[in-house]
Amino acid sequence: MTSSPASTSEVVTRFAPSPTGFLHIGGARTALFNYLYARRHNGKFLVRVEDTDRERSTDEAVKAIFDGMAWLELFADEEPVFQFSRADRHREVANQLLESGHAYRDFLTADETAALRDQAKAEGKTFESPWRDREPTVDDLLKPHTVRFRRPADAPVVVDDAVQGAVRWDTSALDDLVILRSDGAPTYNLAVVVDDHDMGVTHVIRGDDHLNNAARQSLIYDALGWTRPTFAHIPLIHGPDGAKLSKRHGAQAVHEYAEMGYLPEAMRNYLARLGWAHGDDELFSDEQAREWFDLGGIGKAPSRLDFDKLAHVNSHWIRLAQDDRLAKMTLDVHLSRDHVLAPDDEARLLRAMPFVKDRAKTTLDLADQTAFVLKPRPLSIDEKGRGLLSGESGERISRLRDRLALFGSWDVFALEAELKVFAEDEGVGFGKIGPATRAALTGGAASPDIAKTLAALGREESLGRLDDALQQTK
Ligand code: GLU
């Protein structure tokens, strides 16, 4: 990283999470918007870990955030920047501001500051330290002090936000921000400005809870003579009821969505649409998102989480996903449900995928709907199944078994035709055969049509299960 901004033609965006917990879906959406904007403009997408708050930042949180981003396949174009490691550079810039008169040393103690702040509040004024206009003596300089940014007095500060439009503040309402604490630690807004500048960030896309910071940060940019980035403050995500997203609305962490069986591409599609629109398009690919994403399409109103919509988007992407990938994911769900791995599992799941993927909203659904292929033999046939397999019906299933054993092709269409012919030969409707066959093949578990069930199980397993069942119900 250099300390001069990137060439003006290149778009540089960044995602700047504070590592104090998991990757929240709001954060994931911010990351995605920054990523898409950079891609759209052939620019760079960077990540900065804002770990200046040493008490709240943890290594586990850094890992959780990177894991969440990796799951969503949002990779930065450069190594991440860790904000805390840049504290010297932040102090250097604070000194630059002191030298240019845009900052001053404040020798008030914490108690004095609190008292003056209360007094200002009671008088309806903005707190101001007397040190704003006082020259420290050489003795003063030896005492502990903070460094405050000297905001321009009584001037408007206007942020031309790409989402919110022109937002105006009066500097008389803002106080002089502490930029270095008395222990020399740089504070948040200074660090953000210095890092964004040094990283060459041209577009700051983030949650609108940072809008007020944009006013303060703009003043610092101006004082340093640095070009401000374009700010785009996106409205936060709300729950389905319109209230600010909280625990009671359910999952908030990206990894929870992974565990609930959503595909990363579905999550990206859904999150891109959450607060941003390209006409009426609801289902779009990563390529389309990269081509279409613009700041003008971001809405001003908070978006609401809609789990039905997410399920709809997810089922779309499940239908389009490769069967082998879905089979692997589904196997993982089965394993997480204490299934004991058997050699043929993945092959069976793979064969079952085309028959279940059209009806699944999540990979958990895929696991539910494929449980029948992984059942260990011999299947136990419940009371109802035994009933279905007794007497005449059992004899019919036995004839079906023999017919299938001679059957050459184990393709689903051929099986379907064969079952039809068999029913005709038996002189019964398929309703007389289906339930008993299913009971024998799955032990009563849910499964697709019989021909599909047979195709998913494969020849050997199907015949074996029929034999087991007939054996049990003799
Ligand atoms: N670290 C801040 C946060 O996690 C983001 C700051 C920014 O994007 O400027 O909310």
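Relative to the Cα centre, what is the charge dipole magnitude of the chain, using +1 at the beta carbon of each Lys and Arg, -1 at the beta carbon of each Asp and Glu, and rounding to the nearest 20 debye?
Roughly 880 debye for the chain.
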Practice item. Taking the dipole about the Cα centre of segment 312-383, with the C-beta of Lys and Arg at +1 and of Asp and Glu at -1, give me whichever of His339, Leu320, Thr370 is farthest to the positive side. Key: Leu320
Review point. Any idea which of Trp410, Gly26, Leu350 is furthest toward the positive side of the dipole for the chain, if Lys and Arg beta-carbons carry +1 and Asp and Glu beta-carbons -1?
Key: Trp410
Review point. When the dipole is taken about the Cα centre of segment 82-228, and only Lys, Arg (+1) and Asp, Glu (-1) are charged at their Cβ, what size is it in debye, to the nearest 20?
Key: 120 debye
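With a 1.4 Å probe and all protein chains left in place, how much of the accessible area of segment 158-276 comes from carbon and sulfur atoms, in whole percent? Display every interim value, and only then the final one.
Values: 1950 of 4040 Å².
So the carbon and sulfur contribution to the accessible surface is 48 percent.
For the chain, what is the calculated [θ] at 222 nm in deg cm²/dmol (nearest 500), taking -39500 (n - 2.57) for each run of four or more DSSP H residues and dividing by its residue count?
On the way: 20 runs with 223 residues, N = 474.
Only helices count here, giving -14500 deg cm²/dmol.
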Exercise for review: Among Ala272, Ala360, Thr227, pick out the residue whose Cα is farthest towards the positive end of the charge dipole of segment 209-365, where Lys and Arg carry +1 and Asp and Glu carry -1 on C-beta, about the Cα centre.
Suggested key: Thr227
**Study point:** Placed amide H near Arg151: partners under 5 Å, 5+ positions off or other chain
**Key:** Leu177
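Give the carbon-plus-sulfur fraction of the accessible surface of segment 290-337 in %, rounded to a whole number; probe 1.4 Å, heavy atoms of protein chains only.
Details: 1250 of 2540 Å².
Taking all protein chains in place, segment 290-337 shows 49 percent carbon and sulfur surface.
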Check your understanding: Restricting attention to the alpha-carbon atoms of segment 265-355, what are Rg (one decimal) and Dmax (integer), both in Å?
Key -> 17.1, 53
Practice item. Mind jotting down the three principal axis lengths of segment 360-474 based on Cα atoms? Whole angstrom, largest first. Key: 41, 31, 24
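From the Cα gyration tensor of segment 42-112, with a ≥ b ≥ c the square roots of its eigenvalues, which class applies: rounded if a/c is under 1.5, or else prolate if a/b is larger than b/c, or else oblate? Each step should come with its number before you reach the end.
Values: a/c = 3.99, a/b = 1.85, b/c = 2.16.
Taking the square roots of the gyration eigenvalues as a ≥ b ≥ c, segment 42-112 is oblate.
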Exercise for review: Over all directions, average the projected area of the Cα convex hull of the chain and note it in nm².
Suggested key: 29.5 nm²
Review point. Going by the alpha-carbon gyration tensor, a ≥ b ≥ c the square roots of its eigenvalues, is segment 240-308 rounded (a/c under 1.5) or, if a/c is not under 1.5, prolate (a/b greater than b/c) versus oblate?
Key: oblate
Point to revise | Accessible area per residue, Å², the chain with all protein chains present, probe 1.4 Å | key: 48 Å²
Check your understanding: Across the Cα atoms of segment 130-218, what radius of gyration and what greatest pairwise Cα-Cα distance (Dmax) are found, in Å?
Key -> 15.4, 49
Point to revise | Inter-probe distance in nm under a simple model that places probes 7 Å from Cα toward Cβ, at Ala414 and Gln119 | key: 9.5 nm
**Study point:** Summed side-chain charge close to Ala445 - residues other than Ala445 whose Cβ falls under 13 Å, Lys, Arg +1, Asp, Glu -1
**Key:** +2
Practice item. Run the accessible area of segment 367-407 with a 1.4 Å probe and give the carbon-and-sulfur part as a rounded percent. Key: 51 percent
Point to revise | Glu112 paired with Lys247, simple spin-label distance in nm, labels 7 Å along Cα-to-beta-carbon | key: 4.3 nm
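Quantify how much of the Cα-Cα distance distribution of segment 199-356 extends past 26 Å, in percent.
Values: 5609 of 12403 pairs.
Of the Cα pairs, 45 percent sit more than 26 Å apart.
Starting from the coordinates of the alpha-carbon atoms of segment 98-169, obtain the Kirkwood hydrodynamic radius over all distinct pairs and give the value in Å to one decimal.
Working: mean 1/r = 0.0693 Å⁻¹.
Every distinct Cα pair counted, the radius reaches 14.4 Å.
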Check your understanding: Once the Cβ-Cβ distance between Phe407 and Arg377 is put in as r, and R0 is 30 Å, what FRET efficiency do you end up with, to the nearest 0.05?
Key -> 0.90
Study note, to complete from the structure: Net charge (Lys, Arg +1; Asp, Glu -1) of residues whose beta-carbon lies under 14 Å from that of Ile298, Ile298 excluded, is +2
Practice item. Enumerate the lysines that Lys357 could reach by cross-link, defined here as Cα to Cα under 20 Å, with residues fewer than 8 away along the same chain left out. Key: Lys309, Lys328, Lys375, Lys452
Exercise for review: Mind listing the long-range amide H neighbours of Asp161? Cut-off is under 5 Å, sequence gap 5 or more, other chains count too, H placed in the peptide plane at 1.01 Å from N.
Suggested key: Ala166, Val167
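Once you list every other residue whose beta carbon is under 12 Å from the beta carbon of Arg48, what net charge do they have if Lys and Arg are +1 and Asp and Glu are -1?
Details: positive: Arg14, Arg86, Arg206; negative: Glu50, Asp51, Glu78, Glu79, Asp195, Asp196, Asp198.
Computed value for this residue: -4.
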Practice item. Of the DSSP beta bridges with both residues in the chain, give the percent that are antiparallel, rounding to the nearest 5. Key: 55 percent
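The values are calculated or read from the model by the stated rules, or taken from the named source; none is laboratory data. From a predicted model like this one, the values you see are computed outputs, not experimental measurements. Don't worry about glycine lacking a Cβ; one is built from the backbone with ideal geometry, like all the others, and counts go over all protein chains shown. Just so you know, the surface numbers come from the protein's heavy atoms only, side chains and all, with ligands and any DNA or RNA stripped out. Shrake-Rupley method; radii C 1.70, N 1.55, O 1.52, S 1.80 Å.
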